[in-house]
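Coordinate-derived values only; no laboratory data. As the structure is a prediction and not an experimental result, all values here were calculated from the model. All Cβ positions, even for glycine, are placed from backbone atoms using ideal geometry, and neighbour counts span all protein chains on display.
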Amino acid sequence: MNEIDEYGFAIRPNKTQLKQELAEIHSLVLQLIDLTEKEWLELKLTDQIMSGLKQARGMKADNARKRLLKHITKLLSKEDVGLAKDYFAQQNAQQQKLNHAFHQLENMRDRMIEEGDSVLQDFLNEHETADRQQLRQALRNAQKERDTGKPAGAGKKLFRLLREESAEV
């Protein structure tokens with residue numbers, strides 16, 4: 001039953017806000033479909049929601065699947081979705097951290113090719129176990145490749161070596 005305000009009018013929920021919340025839950029359902037059953041159990045999903053997700057996973061994109069996804073969204077809207085949201089937020093943060101480390105290595109490689117031994121020496125000081133000779137050779141090949149205008153095979157090899165040595169990405 002709706003609440004009544006001081007003027008005697010019914011207080012109803014904001015339809016736009018409700019639609020936005022359902023759209024968020026619907027996108028959460030689409031993400032949940034891609035998880036494993038073990039992850040569903042960790043997120044403490046009900047059996048009814050898990051069976052719906054299993055069923056939706058095997059269906060083609062058509063009207064029946066849309067109806068099933070709406071049904072799962074309705075079921076999930078009555079549940080606490082905090083665990084699932086936190087799980088995906090944590091995954092997103094980890095992915096952003098990996099992307100950041102990847103871009104830093106790309107920038108390091110580009111600086112090495114442009115500036116030469118000074119940047120390489122800084123990297124070697126940070127990573128003492130790195131194979132100096134192999135990195136120096138890869139850097140020389142990448143610089144030679146840049147100067148001659150050949151395709152970036154040596155630059156890619158240098159990046160792979162940097163990535164192996166840093167072990168973050």
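If you go through segment 2-16 one residue at a time, do you hit one that is of a type outside the set (A, V, I, L, M), under 23 Å from Leu83 (Cβ atoms) and out of contact with any helix residue (DSSP H, G or I) (no Cβ under 7 Å at 6 or more places or on another chain)?
For segment 2-16, residues of a type outside the set (A, V, I, L, M), under 23 Å from Leu83 (Cβ atoms) and out of contact with any helix residue (DSSP H, G or I) (no Cβ under 7 Å at 6 or more places or on another chain): absent.
Cβ-Cβ contacts under 8 Å between residues 6 or more apart (or on different chains), taken from a first residue in segment 1-24 that is free of Cβ contacts under 8 Å to residues at least 60 places away in the same chain to a second residue that is surrounded by 10 or more Cβ atoms within 10 Å (Cβ to Cβ) and assigned to a helix (DSSP H, G or I), are listed as Glu21/Ser77; Leu22/Thr73; Leu22/Ser77. Between Glu128, Glu145, Glu114, the distinction of being exposed (fewer than 14 other Cβ atoms within 10 Å of the Cβ) and assigned to a helix (DSSP H, G or I) belongs to Glu114 only.
Any idea how many residues of segment 1-45 are of a type in the set (Phe, Trp, Tyr) and assigned to a helix (DSSP H, G or I)?
The number of residues fulfilling the criteria is 1.
Annotation for segment 76-99: at least one member residue is part of a helix (DSSP H, G or I), loosely packed, with under 14 Cβ neighbours inside 10 Å, of a type outside the set (Asp, Glu) and touching a residue at least 60 places away in the same chain (Cβ under 8 Å). Here the condition is being over 14 Å from the mean Cα position of the chain (by Cα) and either of a type in the set (A, V, I, L, M) or over 30 Å from Gln48 (Cβ atoms) (or both); of Ala84, Ala89, it holds for Ala84 alone.
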